[in-house]
Amino acid sequence: MKRWMLSGAAVLCALCSMRVSAQDKKLSNLTKEDFIADFRLAAEILKKQHPNPYKFIDSASFQRKVDSLMEKAATAPDVVSVLQYSPVYLVRDVHTSLSVNNDHAKDLYSMINLFPFPVAVERGKIFVNIKGGAIPYGAEVTSINNMAAKDILQALSTPAYSDGYITSGLDRLYPNFQVMYSLLSPHEQQFQVSYIAPGSTDTKKVTLPYANSTQAFHDSRMAVLPVNLLQRSYAIYNNYYDDTKTGLLTVNTFGINESDAYKEFSEFFRELNNRKYKQVIIDVRSNGGGNPAISALLYSFLTDKPFRNVYNYRTHTIDIAMPEYAIAENGRRLSDEDIQTQKNFLYQRFDKDSTGLYIGNARLREGLLENFPPDKDAFHGKVYVLTGGGTVSAATYFASLVQQNKRGTIIGHETGSGEAATTAAWFMKYLMPRTKCILNVPMSELYFFNASTDKGHGVMPDREVPVSKCASYIQAGKDPEMSYTMELINNDK
């Protein structure tokens, strides 16, 4: 089984991106004006390059909100404080990002006072996620510095953006709460925390000093995180539970080649059938997507009849906007030949329709198996699929295949990308000239099942963990969705 190293999610625009020249300025030597100029440039590139920038916002509102953000950025006390005013979230696209380079990310940690402990966020509540600290593990945090927990989560919902109107993005980002929250007010000297200890109804208060970067990083690694970290550290991981006749397949990416994926899937489901298991749980809560063909491949192990595997790509432009800022994956500037090659690729594979959209043609869909047969080792028992805000792109497509074909029960949270459509496939990277931030822009939209409209929501779960159960699971150090699903299985048994 191949080891798959999974990285943390983006935090505002403070994620590491790529190495740049050592001659570039340190973050502390940049100015607010540098970031404001590059933020405006990023907004202009998005207008021209994004496949559908005005899908969830009109052009006038977009520009008005960019201007408003830049006005706030101009009044920010320093460079660190200005980071929260990145305009990329305005297009409401989970695949669009603006990130600082590696060196600036390291500088950032030394320039902020960090919240002193990691948390878990679930169903609009914040829980202490470390043992042995000043506040008991599993305690519910009700406020920080007199700001209610719900208001804190609302403030963090902007950098945790997903496709359209999806609100489950914090599922991806709460492991980085210490940085995320601290960037809202980066120079706090202390934090007054109100909390309710497990088993109590009384609210207590404690004042804690900020944590420096070394302590905060250490404590973040001490987080209990009520999920199986071993399962999350591989591309695909399997478990077998003989006592309940249940198999668990954790799939953390669909960005793997077909031969490797088929080997993993076939071995797992063949074993389930040999053991005569009655149900399977497929966990895609941390699956950031990949190739939708691999999603269909996985679903072929669950179906007993051929199914429709239909999707296509479309975009408003097949041009390359502002090529003077375009870079390759390794950070080098794209040459004129690189740009022309990219243009030729898109020109050959997209045809303009009567509405002015460019639609993927037969050459782009070459090899797409639309009438997908069941696999010889397909499983015919009960199916449970765990989803959340980290279920993105091709992983959302897999959950949608299960739900639309009524093949299983979706448990958890709304997926982080759209049920009908998301952005995908090819991306352009741009190096912002003054700050060396990296803008990542998808070049096409991916529409599933020949959808013609997008309501801006992901796959909705068939069942959510009840709020009361959710809190008790976390306080007991248990994975809420997994524990709830196993309870359902045991009750059925």
Working only within the stretch 229-254, note down all residues that are hydroxyl-bearing (S, T, Y), at pLDDT 95 or above and within 20 Å of G290 (Cα to Cα).
Y237, T250, T253
The condition of being farther than 28 Å from A321 by Cα and more than 21 Å from the chain's Cα centre (by Cα) holds, among G408, G412, only for G408
Identify the residue in the stretch 65-86 that is more than 20 Å from L114 (Cα to Cα) and in contact (Cβ under 8 Å) with a residue 24 or more places away in the chain and, among all such residues, is surrounded by the fewest Cβ atoms within 10 Å (Cβ to Cβ).
A74
Answer residue from the stretch 26-46, given it is acidic (D, E) and surrounded by 19 or more Cβ atoms within 10 Å (Cβ to Cβ) and is farthest from T75 (Cα to Cα) among those:
D38
Filtered residues of the stretch 211-248 (kept if under 18 Å from S182 (Cα atoms) and free of Cβ contacts under 8 Å to residues at least 12 places away in the same chain)
T214, H218, R221
Only unsatisfied item for S259, checking (1) of a type outside the set (V, I, T); (2) outside any strand (DSSP E or B); (3) outside the structural domain of I474 (by TED's automatic domain parsing); (4) out of contact with any Pro (no Cβ under 7 Å at 6 or more places or on another chain), is (3)
Scan the stretch 82-127 for residues that are part of a loop (DSSP other than H, G, I, E, B) and more than 21 Å from I144 (Cα to Cα) and jot them down.
S86, P87, R92, D93, V94, H95, T96, V100, N101
Matching residues, the stretch 433-443, being more than 21 Å from the chain's Cα centre (by Cα), crowded, with 21+ Cβ neighbours inside 10 Å and at negative phi
T435
Looking only at the stretch 325-338, which residues are assigned to a helix (DSSP H, G or I) and either on the phi > 0 side of the Ramachandran plot or over 29 Å from the mean Cα position of the chain (by Cα) (or both)?
D336, E337, D338
Looking at the stretch 408-419 only, could you name the residues that are part of a loop (DSSP other than H, G, I, E, B), buried (at least 24 other Cβ atoms within 10 Å of the Cβ) and among the small types (G, A, S)?
G416, S417, G418
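A quick yes/no check of all residues on (1) in contact with a Ser or Thr (Cβ under 9 Å, 6 or more places away or on another chain); (2) modelled with pLDDT under 95; (3) not basic (K, R):
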site: L27; (1), (2), (3): yes, yes, yes
site: K48; (1), (2), (3): yes, no, no
site: K65; (1), (2), (3): no, no, no
site: L69; (1), (2), (3): yes, no, yes
site: Q84; (1), (2), (3): yes, yes, yes
So which residues in the stretch 167-192 are in contact with a helix residue (DSSP H, G or I) (Cβ under 9 Å, 6 or more places away or on another chain), in a helix (DSSP H, G or I) and not hydrophobic (A, V, I, L, M, F, W, C), if there are any at all?
Y174, P175, N176, Q178, Y181, S182
From the set of residues in the stretch 444-493 that are among the acidic types (D, E) and crowded, with 19+ Cβ neighbours inside 10 Å, which is nearest to V383 (Cα to Cα)?
E481
Evaluation of T158 against (1) outside any helix (DSSP H, G or I); (2) at negative phi; (3) modelled with pLDDT of 90 or more (one fails), failing number:
(3)
Of (1) farther than 29 Å from K455 by Cβ; (2) in a strand (DSSP E or B); (3) in contact with a helix residue (DSSP H, G or I) (Cβ under 8 Å, 6 or more places away or on another chain); (4) not acidic (D, E), I130 satisfies every one except (2)
Flag if A14 is outside any helix (DSSP H, G or I), modelled with pLDDT under 90 and among the aliphatic types (A, V, I, L, M)
yes
What are the residues in the stretch 339-385 that are surrounded by fewer than 17 Cβ atoms within 10 Å (Cβ to Cβ), assigned by TED's automatic domain parsing to the domain that holds N273 and not in a loop (DSSP other than H, G, I, E, B), if any?
N371
Select from the stretch 236-256 the residues that are outside any strand (DSSP E or B) and within 20 Å of the chain's Cα centre (by Cα) and write down the one among them that is surrounded by the most Cβ atoms within 10 Å (Cβ to Cβ).
N252
Which pairs do you get when a residue that is modelled with pLDDT under 95, found in the stretch 198-210, comes within reach of a residue that is of a type in the set (G, A, S), reach meaning Cβ atoms under 6 angstrom, with the pair 6+ apart or on two chains?
P198/G138
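The values are calculated or read from the model by the stated rules, or taken from the named source; none is laboratory data. What you see is a predicted model, and the numbers here were worked out from it, not measured in a lab. Virtual Cβ from ideal backbone geometry, glycine too; neighbours counted across all protein chains shown.
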